[in-house]
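In what follows, a structure is listed as structure tokens, so that the remarks can point back to it.
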Amino acid sequence: MSELSWITAQELYDQGYTVNGARQLFGEPQTGPDGAVGWEVDWIDRVEERALTPVLPFLIERLRGHSEVGEAAGELVRLYEELNRRAGIVGAPDPSITMKSPKMSW
């Protein structure tokens, strides 16, 4: 059996996740192989890749132009870039380019 790659809850919080945010995205932390509380790195990577990274450009666009959340939009851009870098994604959509919403026809 191969050794699990593990990230502690504190390490994830140090990366900028809040306690509530981490639990909402990744579930309750578990006790790891060495007794540390956290999550499997593979699980974190899958959730970030499938759930978080795809929606960040939309969130950034929604926040753009709202001066009261300008700093938050900048943090989302940095998070998006970091997630893509860690995942090795080349040519990811640039969140600084205005995204157009598809028109709905009823």
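No lab work stands behind these numbers, since they all come straight from the coordinates. Just so it is clear, the structure is predicted and the values come from calculations on it, not from any experiment.
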Fill in: From phi via Karplus (6.51, -1.76, 1.60), per-residue ³J(HN,Hα) for the stretch 50-64 in Hz, x at Gly/Pro
8, 10, 8, 4, x, 8, 4, x, 5, 4, 4, 4, 5, 7, 4
Item to complete: Would you kindly derive the ³J(HN,Hα) couplings of the stretch 32-45 from the backbone phi angles with the Karplus curve 6.51 cos²θ - 1.76 cosθ + 1.60 (θ = phi - 60°), listing them in order in whole Hz, with x for Gly and Pro?
Response: x, x, 9, x, 6, 8, x, 9, 5, 4, 4, 5, 4, 4
